[in-house]
Amino acid sequence: MKNIVVLVSGGGTNLQRIIDCIKSGEIPNAKIAMVVADRECFGLDRAQNQGIPTQLIQRGKTFSAELKKILPENTDLIVLAGFLSILNKEFCESFPGKIINIHPALLPKFGGKGMWGHHVHKAVLAAEEKESGATVHYVTSGIDEGEIILQKSFEISDNETLESLSEKIHKIEYEIFPKAINRILRIPS
């Protein structure tokens, strides 16, 4: 059984997708060992409602050190699912190839500091991009700079709005996140 730790900062919709995929067997032989949040958020409630252990560590300079202290020893994968804090270099280097993130754009475009959620979608629309999508990538000490694991795109329509773009990207995230997790855990999908 592979042990996954999920880090969240918000509503936890991608967390819920992972929970559902584990229950359905789409992500087989895995369990969420713990959910950690950097602020009070509904993602913690989602985990608690499923009986998954949770921890709240206040965001700030000591977050990475505190996280390292509480991680289960047998953690196979750390998944950032709508997680907004930045993990420090030492933490990232302690878990090479074991930390992944999902980003609501086609990296390397529209990544980096300040590029999250609706900020990404606004930037994509302002740049009059012809396509967008989502990317699952390894987490390194550089923000959104890790190697791409899986990416899927779609064509942006002429009348695209922030809401419609966000909705399309969520659908792609729900599709590629479980596939990327299986790939990292070396589970055929």
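In table form, for the structure just shown:
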{"read-out": "Among the candidates LYS179, LYS171, LYS113, residue that is of a type outside the set (Asp, Glu), assigned to a helix (DSSP H, G or I) and surrounded by fewer than 14 Cβ atoms within 10 Å (Cβ to Cβ)", "value": "LYS171"}
{"read-out": "Count of residues meeting criterion [in contact with a strand residue (DSSP E or B) (Cβ under 9 Å, 6 or more places away or on another chain) and modelled with pLDDT under 95] in the range 146-164", "value": "0"}
{"read-out": "Members of the range 11-49 that are assigned to a loop (DSSP other than H, G, I, E, B) and charged (D, E, K, R)", "value": "GLU26, ASP38, ARG39, GLU40"}
{"read-out": "Matching entry among ALA33, ALA37 (being open to solvent by less than 10 Å² (accessible area, probe 1.4 Å) and either free of Cβ contacts under 8 Å to residues at least 24 places away in the same chain or closer than 14 Å to PRO53 by Cβ (or both))", "value": "ALA37"}
{"read-out": "Tabulated pairs, the range 128-150, first over 21 Å from LEU185 (Cα atoms), second of a type in the set (Asp, Glu) and open to solvent by less than 60 Å² (accessible area, probe 1.4 Å), C-beta under 9 angstrom, 6+ apart or interchain", "value": "SER132/GLU160"}
{"read-out": "Residues being within 30 Å of PHE91 (Cα to Cα) and touching a His at 6+ places or on another chain (Cβ under 7 Å) - total across the range 135-162", "value": "7"}
{"read-out": "Which numbered condition VAL5 misses (of (1) in a strand (DSSP E or B); (2) without any contact (Cβ under 8 Å) to a residue 40 or more places away in the chain; (3) under 23 Å from SER141 (Cβ atoms))", "value": "(2)"}
{"read-out": "Qualifying residue in the range 118-134 (condition: under 28 Å from ALA30 (Cα atoms), in contact with a Gly (Cβ under 9 Å, 6 or more places away or on another chain) and open to solvent by less than 60 Å² (accessible area, probe 1.4 Å))", "value": "no"}
{"read-out": "Residue that is farther than 22 Å from ILE32 by Cα and hydroxyl-bearing (Ser, Thr, Tyr), where the choices are SER94, SER132, SER85, SER64", "value": "SER132"}
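The values are calculated or read from the model by the stated rules, or taken from the named source; none is laboratory data. Everything quoted here is computed from the prediction, not taken from an experiment. Backbone-built Cβ (ideal geometry, glycine too); neighbour counts: all protein chains shown. Accessible surface is based on the protein model in full, side chains and every heavy atom, while ligands, DNA and RNA are left aside. Shrake-Rupley method; radii C 1.70, N 1.55, O 1.52, S 1.80 Å.
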